[in-house]
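Structure, as structure tokens:
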Amino acid sequence: MSNSTVTPLLSSRGRTVRVTVLALAATLLIPFLVHLIPAAGPVPIGARLLPMFYAPFVAAALFRYPVGLVAGVLAPVINHLLTQRPALPLMGILSVELAASVLVAAALLRVPYLRWVAAPLSYLGAKVVSSSLLAVLPGWMPGTAPLDFALSSVANAWPGLVILLILNAAVLRIKAQRAEG
């Protein structure tokens with residue numbers, strides 16, 4: 001392999017690593033900043049605004065889905081190790097949801113008439129995956145009824161779904177501008 005063939009390969013890999021680290025940092029930082037917002041009521045602000053889902057979606061949409069996948073899977077684990085939040089069972093479910101969300105979004109972004117709603121639909125798909133997992137593995141979060149878990153999560157998350165829809169439109173505009181320029 002000549003040096004001229006190796007250099008683009010290395011620079012591409014190096015760029016992917018940098019973008020992945022940035023996506024992971026954003027996936028950690030955005031929820032931290034959102035949790036600084038005073039929240040009224042029993043539902044945490046993160047469960048309403050869904051900040052953990054923003055950066056992995058953007059990374060999957062603007063770069064490649066593995067970038068968003070790595071950020072989504074690792075962020076809950078790192079948060080748990082640093083802050084003991086989310087609690088261990090929820091950390092696992094959140095990692096599964098973020099992974100599922102990225103994979104569903106990556107698929108939906110390829111479908112012309114669905115790409116404009118890929119982000120909110122990917123969250124809903126992630127809830128189907130996590131509630132199915134809870135149904136199959138009831139010991140993961142004892143006392144949690146899978147259907148109630150999914151329905152209450154979605155009911156609480158409507159502001160976050162709106163934000164994901166707006167973010168989705170912004171990302172698609174950025175992609176279109178990149179393609180033109």
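What follows draws every value from the coordinates through simple rules; no lab data is involved. Being a predicted model, the structure only gives us computed values, none of them experimental. So basically every Cβ, Gly included, is an ideal-geometry build from the backbone, and we count neighbours across all protein chains shown.
Of note:
- Note that region 109-181 shows a convex hull volume over its alpha carbon atoms of 95 Å³ per residue.
- Rounded to whole Å, sorted largest first: equivalent-ellipsoid semi-axes of the chain, Cα gyration tensor: 30, 19, 16
- Unit charges on C-beta of K, R, D, E only; dipole of the chain, Debye: 520 debye
- The simple spin-label model puts a point 7 Å past each Cα toward its Cβ; for Ile166 and Arg64 those points are separated by 3.2 nm.
- Loop-located trypsin sites (Lys or Arg not before Pro) in region 4-93 (DSSP state other than H, G, I, E, B) with a sparse environment of at most 16 neighbouring Cβ atoms within 10 Å: Arg64.
- Helix 118-136 vs. the chain, principal-axis angle (Cα, 0 to 90°, nearest 10): 50 degrees
- Which of Ala25, Ala100, Gly160, positive extreme of dipole for the chain (C-beta unit charges): Ala25
- Measuring how big region 37-102 is from its alpha-carbon positions, Rg and Dmax come out at 12.3, 37 Å.
- Reduced Cα scattering model of region 54-160, Debye log10 I(q)/I(0), q = 0.15, 0.16 Å⁻¹: -0.63, -0.71
- Likely footprinting exposure, His35, His80, fewest C-beta neighbours within 10 Å first: His35, His80
- Degrees separating the helix 65-83 axis from the principal Cα axis of the chain, which is the longest one: 50 degrees
- Between the helical axis of 3-34 and the longest alpha-carbon principal axis of the chain there is an angle of about 30 degrees.
- Exposure proxy order (Cβ contacts within 10 Å, fewest to most) of Ile93, Ile45, Ile174: Ile174, Ile45, Ile93
- Helix-derived mean residue ellipticity, 222 nm - over the chain, DSSP H n ≥ 4, -39500 (n - 2.57), to 500: -26000 deg cm²/dmol
- Each other residue within a Cβ distance under 13 Å of Leu109 adds +1 if Lys or Arg and -1 if Asp or Glu, for a net charge of +4.
- The slack in the chain from Leu29 to Arg178, taken as 0.36 nm per residue of separation less the alpha-carbon distance, amounts to 51.1 nm.
- Rounded Å value of the spacing that divides the Cα centres of region 43-94 and region 15-41: 8 Å
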